[in-house]
Amino acid sequence: MTSDNLVQPKGSIFGSDGLDITGLFGPGGSKGSQGGGGIGVNSYLWRASLDTLAFMPLSSADPFGGVIITDWYTPPETPADRFKISVYILGRQLRADGIRVALFRQNRGSGQWSDAKVSKQTSTKLENEILTRARQLRIAARTTTK
């Protein structure tokens, strides 16, 4: 191999246009982006989910895949119960069917944690709390940009 071969330009895995990261970290996005803001899912739903779950420790948060997973949380008023929540944001639009919440509960009896039933209404109530917060964020963003 000669030194001439080392200097010749090679192809790029990102194509001839390269990789554009200008919109990844800004608040922007196009007017039709429905609140994407450089992440893979609706930014209002994402922010609302984080706001709603702020009292719980986070285990994982993937803004590009739209998945938030909390760690186990034990409410101070019920030390024999603990909860874990997974939130799935399913798209880039702010829609009622754009979010799914899975809630897990465990009880401690005789020193060991065991799974306990969680009503579907509890997950639905949490989804509605997130949707309400997302709408508030969207309205606030529109009033500040006018």
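The values are calculated or read from the model by the stated rules, or taken from the named source; none is laboratory data. Since this is a predicted model, take the numbers as computed values, not measurements. Cβ placement follows ideal geometry from the backbone for every residue including glycine, while neighbour counts extend to all protein chains displayed.
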* At least 2 residues that are modelled with pLDDT of 95 or more and among the charged types (D, E, K, R) in each: list the strands (runs of 3 or more DSSP E) lying fully within region 13-130 that qualify. => 81-89, 99-109
* Residues of region 42-57 classified as hydrophobic (A, V, I, L, M, F, W, C) and in contact with a helix residue (DSSP H, G or I) (Cβ under 8 Å, 6 or more places away or on another chain), total -> 2
* Selection within region 88-122 - under 20 Å from the mean Cα position of the chain (by Cα), free of Cβ contacts under 8 Å to residues at least 40 places away in the same chain and surrounded by 16 or more Cβ atoms within 10 Å (Cβ to Cβ) -> Tyr88, Val101, Leu103
* Structure fact -> Considering residues that are among the charged types (D, E, K, R) and touching an Asp or Glu at 6+ places or on another chain (Cβ under 8 Å), the number found within region 43-82 is 0
* What do you reckon, is Val87 of a type in the set (A, V, I, L, M) and within 17 Å of Gln121 (Cα to Cα)? -> yes
